[in-house]
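Presented below is the structure to which this report refers.
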Amino acid sequence: MKIALIFPGQGSQYVGMGRDLYDTYAEAKALFDEADAIMGFALSKLCFEGPMPELGDTINTQPALLTVSVALLRILKLSQLSPATVAGHSMGEYTALVAAGALDFADGLRLVRERGRVMKEAGEQNPGGMAAVLGLEAETLDEICQMARQETGGIAQLANYNSPGQIVISGHKEALGRALELAKERGARRVIPLAVSIASHSPLMRSAAEDFASVVAQIDFHQPRIPVVANVTAAPITTVAEIREELVQQLTSTVRWVESVQYMIAQGVTSFVEIGPKNVLTGLMRRIDKSVRTVNVGDVAGVEALTRGSER
């Protein structure tokens, strides 16, 4: 059985996440305490008690999700899981890099905190939005975004290719609105504007990418011990130079999640373990390829279920 570990990004956070891990496992408590010291405030309390608006602020969400997912990794122990490859969705790619030994947890925490900051600033300077479109093929939606750009002069592009029939688009509000109108005309089953003012994974994040590049350049990355399948290319990144390029480009590029999963399956992966809060990626996996086994590990119950399964 060939296993891939996958890690969720923003949207998986909830108040209370990680609390049972902290109360149950010494490894989790030590990691949360370390995160609090690095951040200089009680990140653990924000995860456990909220409030949700503060936890949902991208500058806090990103380090919070990284901490919960890495706490789970510490509990499960990578050597026992023996993954063949790892991947993360958007911000989850940083957790994948930690899992692959390419990024230290402390550096990863500082990095995603800064990523959240530059993204928030870019959103304030260049407001935009995002919307999920259900029931259209990627090629059709790409054509629609191109038409919306031509008609409005604004930006609209595919942001997250999450699963067949579920794609998130991103851009200027006017262009986004026009794209959603065209999507309905072309038969979209549903269009769902997301409650964000940041146009992630679009050219509206260019200023964030420029600022972030100097931060990434200062981080001491290592060559991954396990292949990391990248969002931008849907192919493995194996060198420090490729990691730096990926993390900067990712801010303005489409997350090619479907292709990433298909690549891993083509490499012989038969089981996917989602490590992190909720089960967003597990749900996407069922729509991408039902033939592979996927489980989610996000709390004590998930840890115990996976451990029991591996003992059989």
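Below, the figures for the structure above:
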| item | result |
| --- | --- |
| Any hit, region 42-59, residues being hydroxyl-bearing (Ser, Thr, Tyr), assigned by TED's automatic domain parsing to the domain that holds residue 281 and over 28 Å from residue 259 (Cβ atoms) | yes |
| Total residues in region 173-199, condition in a loop (DSSP other than H, G, I, E, B) and over 20 Å from residue 90 (Cβ atoms) | 4 |
| So residue 255, is it outside the structural domain of residue 171 (by TED's automatic domain parsing), touching a Ser or Thr at 6+ places or on another chain (Cβ under 6 Å), β-branched (Val, Ile, Thr) and more than 29 Å from residue 210 (Cα to Cα) | no |
| Of the criteria (1) touching a residue at least 24 places away in the same chain (Cβ under 8 Å); (2) part of a helix (DSSP H, G or I); (3) of a type outside the set (Phe, Trp, Tyr); (4) not assigned by TED's automatic domain parsing to the domain that holds residue 16, which one residue 146 fails | (1) |
| Checklist (1) over 24 Å from residue 301 (Cβ atoms); (2) among the β-branched types (Val, Ile, Thr); (3) surrounded by 19 or more Cβ atoms within 10 Å (Cβ to Cβ) applied to residue 38, failing item | (3) |
| Test: residue in region 194-202 that is at pLDDT 95 or above and surrounded by fewer than 17 Cβ atoms within 10 Å (Cβ to Cβ) | no |
| Matching entry among 258, 248, 273, 269 (being in a helix (DSSP H, G or I) and either more than 17 Å from the chain's Cα centre (by Cα) or touching a residue at least 40 places away in the same chain (Cβ under 8 Å) (or both)) | 258 |
| Odd one out for residue 206, checked against (1) crowded, with 16+ Cβ neighbours inside 10 Å; (2) touching a helix residue (DSSP H, G or I) at 6+ places or on another chain (Cβ under 9 Å); (3) part of a helix (DSSP H, G or I) | (1) |
| Residue tally, condition assigned to a loop (DSSP other than H, G, I, E, B) and touching a residue at least 60 places away in the same chain (Cβ under 8 Å), over region 76-134 | 14 |
| Lone unmet requirement of (1) part of a helix (DSSP H, G or I); (2) outside the structural domain of residue 7 (by TED's automatic domain parsing); (3) more than 22 Å from residue 9 (Cβ to Cβ) for residue 141 | (3) |
| Residue match in region 84-100 (condition: of a type in the set (Phe, Trp, Tyr) and either touching a Ser or Thr at 6+ places or on another chain (Cβ under 7 Å) or surrounded by fewer than 24 Cβ atoms within 10 Å (Cβ to Cβ) (or both)) | no |
| Residue within region 210-221 that is surrounded by 21 or more Cβ atoms within 10 Å (Cβ to Cβ), over 29 Å from residue 296 (Cβ atoms) and in contact (Cβ under 8 Å) with a residue 24 or more places away in the chain present | yes |
| Inter-residue pairs, beta-carbon under 7 Å, first hydroxyl-bearing (Ser, Thr, Tyr) and in region 155-171, second part of a strand (DSSP E or B), 6+ apart | 161/167; 161/255; 170/130; 170/157; 170/159 |
| Any chance residue 85 is within 13 Å of the chain's Cα centre (by Cα) and closer than 30 Å to residue 159 by Cβ | no |
| In region 6-46, the residues that are among the hydrophobic types (A, V, I, L, M, F, W, C), part of a loop (DSSP other than H, G, I, E, B) and in contact (Cβ under 8 Å) with a residue 12 or more places away in the chain | 15, 17 |
| Residue satisfying condition, being within 29 Å of residue 220 (Cβ to Cβ), surrounded by 14 or more Cβ atoms within 10 Å (Cβ to Cβ) and in contact with a helix residue (DSSP H, G or I) (Cβ under 6 Å, 6 or more places away or on another chain), within set 248, 261, 240, 273 | 248 |
| Complete set of residues in region 64-106 that are out of contact with any strand residue (DSSP E or B) (no Cβ under 9 Å at 6 or more places or on another chain), among the polar types (S, T, N, Q) and modelled with pLDDT under 95 | 79, 80 |
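The values are calculated or read from the model by the stated rules, or taken from the named source; none is laboratory data. The shown structure was predicted, so the numbers you read here are calculated from the model rather than taken from an experiment. Neighbour counts are summed over all protein chains in view; Cβ atoms, including those assigned to glycine, are modelled from backbone coordinates with ideal geometry.
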